[in-house]
Each structure stands twice: as C-alpha cells, then as structure tokens.
Amino acid sequence: MDERKNEVRILAVVSDEMRTRIGHQLEPLNAKIECAAKAAEIARLVSEGNIFEVAILPAALPNAEWWALWGELSLLYPRPAILVYARVATFELWTSVLDLGGYDIVVDPFSDHEIQEAVRRAAQSFRNQLEGDALED
C-alpha cells in the first residue's frame with residue numbers, strides 16, 4: 001500500500017517548543033508536518049509544490065503577520081482546512097475564524113486525543129471539499 005496515501009499533510013505555524021510536542025501528538029495520524037514561522041516561509045513551501053490538507057495557526061500573532069499568513073493561505077489551491085489554536089476560545093474568536101474561512105479552533109494546551117480528532121476532522125473536510133470540487137468540474 002502507498003504510505004503517502006494515508007499520510008495527513010499539515011502546515012503548522014508553531015514555536016520550536018510546540019513543534020516537537022505537536023509532532024509527537026500527531027504521530028498516530030501518520031502526519032507529515034511542515035513548520036513555518038512566517039508568511040514568507042509558507043510562500044516558499046507552496047512554491048515548492050507542497051499541498052496541505054490542514055493548516056494549524058496560532059490565534060496570537062501580531063496583526064500584520066496574522067493577515068500575511070491568511071493572505072498566503074487564501075492563495076492556496078486547494079486550500080487547506082484551517083485550525084486555529086488559542087489559550088481561550090471565545091465566541092468572537094470562533095466566529096471570526098469561521099467568517100474568514102477557517103475550519104475550527106482548538107484550545108491549547110490540548111490533549112493528544114483533542115488535537116488528533118481536530119486534525120482528523122479537518123483533513124476529512126478538506127478531502128470532502130476536493131471531492132465536491134471534482135464533481136463540479
């Protein structure tokens with residue numbers, strides 16, 4: 001069986017500390033994680049032909065960087081399902097993420113099960129969107 005077919009391709013904007021933690025947490029999903037710290041790194045990954053099913057972004061970023069990240073992600077086709085992580089998930093944050101086309105919010109610190117389920121659901125949403133787009137063509 002093709003191992004790549006079962007992997008979940010993830011773009012994560014995370015700190016170095018969180019990079020290691022999330023890597024371990026998502027191991028059971030056969031996650032292929034590419035990490036970026038800035039919008040310019042996302043542009044580089046995309047120019048290399050990478051396609052991501054899920055993007056994991058922090059809610060807490062300086063405004064200019066936040067909008068730059070969303071700008072880069074909005075140019076992706078197919079666009080990944082976007083998970084935003086935050087210390088507190090307020091209704092205002094949740095609706096803002098959804099209004100911008102994000103998939104969901106996860107509250108950090110999250111358990112292995114919580115992040116795995118959130119990524120699994122987001123990846124399935126991405127696949128469903130691709131199937132829907134293919135049917136429209």
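Scanning segment 47-58 for residues that are outside any loop (DSSP other than H, G, I, E, B) and either crowded, with 24+ Cβ neighbours inside 10 Å or not small (Gly, Ala, Ser) (or both) gives 54, 55, 56, 57, 58. Selection within segment 20-43: residues that are surrounded by 14 or more Cβ atoms within 10 Å (Cβ to Cβ) and charged (D, E, K, R). The member of this set that is farthest from residue 76 (Cα to Cα) is 21. Test residue 65 against the stated conditions and say whether it is assigned to a helix (DSSP H, G or I) and touching a residue at least 24 places away in the same chain (Cβ under 8 Å). Yes, satisfied. Contact map, segment 113-137: residues that are within 11 Å of residue 80 (Cα to Cα) paired with residues that are loosely packed, with under 14 Cβ neighbours inside 10 Å, Cβ distance under 8 Å, separation 6+ or inter-chain. Pairs shown: 126/78; 129/78; 130/78. Mind checking which pairs have a first residue in segment 17-46 that is in a helix (DSSP H, G or I) and a second that is among the small types (Gly, Ala, Ser), Cβ under 6 Å, 6 or more apart or different chains? From residues that are in a helix (DSSP H, G or I), the pairs are 39/68; 42/36. With respect to the conditions (1) modelled with pLDDT under 95; (2) open to solvent by less than 80 Å² (accessible area, probe 1.4 Å); (3) out of contact with any Leu (no Cβ under 8 Å at 6 or more places or on another chain), residue 61 lacks only one, and its number is (3). Just one of (1) under 21 Å from residue 115 (Cα atoms); (2) surrounded by fewer than 18 Cβ atoms within 10 Å (Cβ to Cβ) fails for residue 8. It is (2). Out of 88, 13, one residue alone is under 16 Å from the mean Cα position of the chain (by Cα), modelled with pLDDT of 90 or more and either surrounded by 14 or more Cβ atoms within 10 Å (Cβ to Cβ) or of a type outside the set (Lys, Arg) (or both). It is 13.
Taking segment 95-133 as the range and being in a loop (DSSP other than H, G, I, E, B), under 18 Å from residue 11 (Cα atoms) and open to solvent by less than 70 Å² (accessible area, probe 1.4 Å) as the test, the residues that pass are 100, 101, 102, 108, 110.
The values are calculated or read from the model by the stated rules, or taken from the named source; none is laboratory data. Just so it is clear, the model here is predicted, and its values are computed rather than measured. Using ideal geometry, Cβ is built from the backbone for each residue, glycine included, and neighbour counts are taken over all protein chains shown. These accessible areas exclude ligands, DNA and RNA; they are computed on the full protein's heavy atoms, side chains included. Shrake-Rupley method; radii C 1.70, N 1.55, O 1.52, S 1.80 Å.
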